[in-house]
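Below: the structure, in structure tokens.
Read the figures in this text as sums done on the coordinates, not as results from a lab. Here the structure is a predicted model, which is why all the values come from computation and not from measurement. We place every Cβ from the backbone using ideal geometry, glycine too, and count neighbours over all the protein chains shown.
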Amino acid sequence: MTTKTINHLLTLEELTPSALDDLLGLAAEVKRQPEAFQSALAGKKVALLFEKASTRTRMSFEVGVVELGGYPLFLSSSDLQIGRGEPLTDTIQVMSRYVDALMIRTYAHETVETLASAGSIPIINGLTDSHHPCQVLADLLTVEEVFGTRTAKTLTYIGDGNNMAHSLMIGGALSGMHIRIASPEAYTVETDIFERANELAATTGGSVTLWQDPVAAAEGADVIYTDVFASMGQEAEAAERLTQFATFQVDATLMQQAKSDAIFLHCLPAHRGEEVTADVIDGPQSVVFDQAENRLHAQKALMLTLLT
């Protein structure tokens, strides 16, 4: 499987470029021959803890654990004592004695860091406000499927400098890709994550650049990517954000700036008519449902890497 031993997946920075190659290679193998891995996690129990609502993360992990022969435990924070104030450090020490791994979808990134430091089982970040590494594993697998390679491909992300932008910068840098992040100045990415991604890109021949003109950023791109303008927890800002991002919508005119064979990606759920027009997301360049399917395969490979 992979030549790199990792204990957790919190940001993608746990991976080296070669470890990422191995993980995505395993994901492609799992996708081609799922029957070969049906018992790979036999006897393994994976807790799935959700503090945020989910469609793709819940389904892909739950189905993935079952298809690998393991046992998933769906947990809501409202069902656990952490909902009544039990320290995370106590909770994860107990969990470490019951299950073999924990996937958590939560708000503060410090939560997954605390769990990783206090427990003795692998922690998988299913999403925090700062990072979404599992989604980007699927994104990179999709890019490789379409183009045969990730190296030197240009991906332009247009929208909020959020967890998706952060993880795309890191995953793209590890892949030797050229990542362009186009956001309004007030909504750009976190400086420290940008700087770390640049350091990674310098070692792989890739690049990470920030833009405020989405049309210019899209020119000659292989991939155009966007996300909702207001994420979970930002509902009160939605109206203001729609105003601030009005010129950052991905439409047919913007797609024409990219290469003729460019693809469109979106982590979903999408708000048609806001961050993307229906003719783009439902059009021939869109591969968003292949991308969503690849969550399953990439995460199965990740669990195999962490648990076998």
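For the reader, a short list of remarks on this structure follows.
- Amide H contacts for Thr154 (H built 1.01 Å from N in the peptide plane; partners 5 or more residues away or on another chain; cut-off under 5 Å): His178, Asp222, Val223.
- Restraint check, Lys31/Lys153; Lys44/Lys300; Lys153/Lys300, Cα-Cα greater than 19 Å: Lys31/Lys153; Lys153/Lys300
- Axis of helix 17-32 versus longest Cα principal axis of the chain: the two differ by about 80°, to the nearest ten degrees.
- Surface/4 of the Cα convex hull for the chain, nm²: 14.8
- The stretch 120-227: proportion of alpha-carbon pairs further apart than 20 angstrom, %: 34
- DSSP beta bridges confined to the chain are antiparallel in about 0 percent of cases.
- Relative to the dominant Cα principal axis of the chain, helix 133-147 is inclined by about 50°.
- Positive end of the dipole of the chain (Cβ unit charges, origin at the Cα centre): among Ser286, Ala186, Thr226, the Cα lying farthest that way belongs to Ser286.
- As a size descriptor, the averaged projected area of the C-alpha convex hull of the stretch 135-291 was calculated at 8.1 nm².
- 14 Å beta-carbon shell around Ser260, net charge (K/R +1, D/E -1): -2
- Peptide packing: for 139-146, 36-43, the average count of neighbouring Cβ atoms within 10 Å per residue gives the ranking 139-146, 36-43, highest mean first.
- Local electrostatic count, Ile82, Cβ distance below 12 Å [Lys/Arg +1, Asp/Glu -1]: -3
- Positive minus negative residues near Val143 (Lys, Arg vs Asp, Glu; Cβ under 10 Å): -2
- Packing order of peptides 165-172, 152-159, highest average first: 165-172, 152-159 (average count of other Cβ atoms within 10 Å over each peptide's residues).
- Given charges at beta-carbon only (K, R positive; D, E negative), |dipole| of the chain in Debye: 880
- Here the stretch 135-291 is treated with +1 on each Lys and Arg Cβ and -1 on each Asp and Glu Cβ, and its dipole about the Cα centre works out to around 360 debye.
- Crossing angle, helix 288-307 versus the chain [Cα axis fit, 0-90 degrees, rounded to tens]: 40
- For the chain, calculated [θ]222 nm from helices alone, where every DSSP H run of n ≥ 4 adds -39500 (n - 2.57): -12500 deg cm²/dmol
- Taken one residue at a time, the phi angles of the stretch 241-247 give Karplus couplings (6.51, -1.76, 1.60, θ = phi - 60°) of 5, 4, 5, 5, 9, 3, 8 Hz. Gly and Pro are set to x.
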